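Structure first, commentary second.
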Amino acid sequence: MSENTSIDQLADAADRIFSQLDNQTTPVHSAEATRDHSSLEKTVEDLQRQVKDLTLAIESHGRSRFPSRRRFRSRPRSSSRNKDATPTMCYYHRRFGSAAHYCTKPCSYTAVAGKQNRQRVKATNLAGKAFSPKLSRLFYVTDTRNNLRFLVDTGAAISVLPVRDKARKQPFQLRLQAANGSSINTYGTKSLTLNIGMRRDFTWNFTVADVQMPILGADFLAHYDLAVRMNNHSLTDNLTRLCVLGTYSKLTTTGITVATCHNKEYLDLLNQYQDLLRPAGSIDSTKHQTQHFIKTTGQPVFFPSSSSST
């Protein structure tokens with residue numbers, strides 16, 4: 001181009017050059033972009049495939065390595081469902097089973113027949129006979145004066161002491177009868193003064209019998225006006241308002257009564273006057289005003305000595 005070329009011609013020439021440059025560079029850039037895009041897509045597909053393969057490998061490896069753990073985890077869920085479906089048992093039967101002595105409601109425990117029979121044979125009353133296991137509310141009180149522990153039994157008609165050296169003694173005609181109908185031999189009476197922590201003494205004629213331990217029966221409790229509270233195992237003196245807490249006993253009531261050997265026609269009459277057959281336990285002074293005088297004559301058999309006069 002010469003120096004005399006007009007501006008319009010220069011502009012047209014510039015436009016043509018620019019258009020040619022644009023046509024040459026555009027295909028190059030578009031091809032490079034296409035190649036980059038396709039390579040990225042291929043890379044992404046490869047990564048997705050690798051991730052999928054790794055996921056499958058991990059899952060298959062976990063199932064083959066820990067099969068027992070998965071089964072173990074499923075068991076507690078089934079056992080918990082069964083536990084919720086089954087009836088509930090109280091704390092005592094859930095912990096001790098057939099050996100439980102208490103039961104709180106509601107409780108769905110049902111004892112097995114075989115276990116009941118074995119427990120019934122082991123349990124014995126004071127007379128040495130078997131009885132059915134029941135919930136006992138009896139308790140012991142301690143006599144500190146004689147170092148004895150008495151069973152408080154309101155079901156026993158009389159108070160008794162165990163015999164010592166039974167082989168050297170002969171049984172008396174008076175016989176006692178236990179709740180199960182067994183006969184109990186007696187060996188006379190023995191007077192004791194008890195101190196059971198009520199700030200007064202309790203003197204009583206106890207019947208010595210073939211039993212295992214001393215028993216405070218209904219005769220002793222009624223005579224001294226002692227109230228027995230089974231719910232808290234306590235003995236209350238209604239006179240002094242003092243209370244003594246006892247020790248729980250697993251024994252049931254002995255039901256000791258005086259046995260009779262009469263015919264049936266006399267039994268009804270004797271049952272109306274049971275005090276006639278019951279040994280006298282209390283030692284009380286007479287409360288009547290009757291006095292006995294013996295008239296004598298002559299010198300008295302005994303005369304107090306006096307000082308001789310000098």
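The values are calculated or read from the model by the stated rules, or taken from the named source; none is laboratory data. These numbers come from a predicted model, not from an experiment. We place every Cβ from the backbone using ideal geometry, glycine too, and count neighbours over all the protein chains shown.
Would you mind stating whether THR193 is of a type in the set (Val, Ile, Thr), at pLDDT 90 or above and within 17 Å of THR207 (Cβ to Cβ)? Taking the combined requirement at face value, the residue satisfies it.
Residue count for the stretch 244-258, restricted to those that are crowded, with 20+ Cβ neighbours inside 10 Å and touching a Lys or Arg at 6+ places or on another chain (Cβ under 8 Å): 1. Once the stretch 182-221 is narrowed to residues that are among the aliphatic types (A, V, I, L, M) and more than 32 Å from the chain's Cα centre (by Cα), the residue that is nearest to VAL152 (Cα to Cα) is LEU194. If the condition is being assigned to a loop (DSSP other than H, G, I, E, B) and of a type in the set (Asp, Glu), then the stretch 207-222 contributes only ASP210.
Can you tell me which of VAL163, VAL121, VAL112, VAL152 is farther than 13 Å from THR253 by Cα, β-branched (Val, Ile, Thr) and at pLDDT 75 or above? Steps first, answer last, please.
Details: VAL121 fails: at pLDDT 75 or above; VAL112 fails: at pLDDT 75 or above; VAL152 fails: farther than 13 Å from THR253 by Cα.
VAL163 is the lone residue from the list that is farther than 13 Å from THR253 by Cα, β-branched (Val, Ile, Thr) and at pLDDT 75 or above.
Every residue, every condition in (1) surrounded by 13 or more Cβ atoms within 10 Å (Cβ to Cβ); (2) touching a helix residue (DSSP H, G or I) at 6+ places or on another chain (Cβ under 7 Å), yes or no:
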| site | (1), (2) |
| --- | --- |
| THR142 | yes, no |
| ASN146 | yes, no |
| PHE150 | yes, no |
| ALA157 | yes, yes |
| PRO162 | yes, no |
| PRO171 | yes, no |
| LEU176 | yes, no |
| GLY181 | no, no |
| ILE184 | yes, no |
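Taking the stretch 161-206 as the range and being closer than 30 Å to LEU239 by Cα, part of a strand (DSSP E or B) and among the charged types (D, E, K, R) as the test, only LYS190 passes.
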